[in-house]
Each structure stands twice: as C-alpha cells, then as structure tokens.
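What follows is a short report on a single structure.
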Amino acid sequence: MTRRSWIVRLSSLLLVPAGLIAQQPATPQNQPTQRVLIHVHSDKHEDWQAALKKANDLMASSPKPYDTRVEILATGDGLKLVDKKSALGNDVTSAVGKDVSFVACHASMRSNKMADDQLQTGVGTVPSGGREIAARKAEGWTVMDDKSLK
C-alpha cells in the first residue's frame, strides 16, 4: 500500500462519521406544539375583544409553559386595536405580558397614514399581512379570523 492510498483511506474513515452526524436532523428546543395566528381586520370593538379573549384563553389552557404561541396580526381597520389611543390598550399590554405577540401590517399602516410610534408598546410590524398569513400557514400554524371567534 502506498503512502498516498493509506492517507486517502484514513481520511475517508475520519470523514464518514462526520458526514453521518451532519445528516441527523437537529431537534428543536422549546418549540411550541400549538401555534395560532389570529387575524384582526375589523373595526368592531367586540371583534377585538373576542380576539384578545381567544388569545388569553389559548395561553391559559396551555398544558405546559412555552407550549403555545399566539400571534395577533392587525390589518386594515384592525390597526385601531394596536393604536396607542385604543380603548383596549391595557388589554393589549397585558396580553403581551402573557407572551402573546402582536404585529401590525406595515402596508396597512402606510395606507392608513399610521406611523410606528403610534403603536402600543410591544407591537411589532410585518411588511405584509397577507404574506404573514401565507408564511404562518406554510409553517403549520392555525389561522383564525376575528369574525369567526364570536
């Protein structure tokens, strides 16, 4: 056996286990088993309350910590829910404290002439509400509409 063939065989033995390790899928840590997006686009106070109640109920009924993730997406007239001047501002802040995330559609904000600084504390933005819904569905999230929660 030549020196070169010996080195090739040795290096292939060392690379095989590394290749096998690289092929094993990573196990996600603390990934929620229940993920729900609630789309709020209504200007009705009762629809907003129903969305907040559903989010809080989902979080409260979670069998273990970090097992449920809820995101409320505000588009169109639903932006009024996450506006600093909203009558439900305290409810939004309280829900954020319970790990419910809120995002506002930036495209809707632009068309409604709403600036980022008009949003409640803790509310993020996404470029497009439609794109956010499509992405969440592709990731296996359950998508609910505010009008279906009553």
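The values are calculated or read from the model by the stated rules, or taken from the named source; none is laboratory data. The shown structure was predicted, so the numbers you read here are calculated from the model rather than taken from an experiment. Cβ: placed from backbone, ideal geometry, glycine included. Neighbour counts: every protein chain shown. These accessible areas exclude ligands, DNA and RNA; they are computed on the full protein's heavy atoms, side chains included. Shrake-Rupley method; radii C 1.70, N 1.55, O 1.52, S 1.80 Å.
Looking at the stretch 39-150, the accessible area is 53 square angstrom per residue; that uses a 1.4 Å probe and ignores ligands, DNA and RNA. When the chymotrypsin sites (Phe, Trp or Tyr not before Pro) in the stretch 43-118 are filtered for DSSP coil states and for at most 13 other beta-carbon atoms within 10 Å of their beta-carbon, the remaining sites are Y66. Estimated from the Cβ-Cβ distance and a Förster radius of 35 angstrom, the FRET efficiency linking T142 and K85 is about 0.70. Across the stretch 89-102, rounded Karplus estimates of 3J(HN,Hα) from the backbone phi angles (6.51 cos²θ - 1.76 cosθ + 1.60, θ = phi - 60°) give x, 5, 5, 5, 4, 5, 5, 4, x, 9, 6, 8, 9, 10 Hz, Gly and Pro being marked x.
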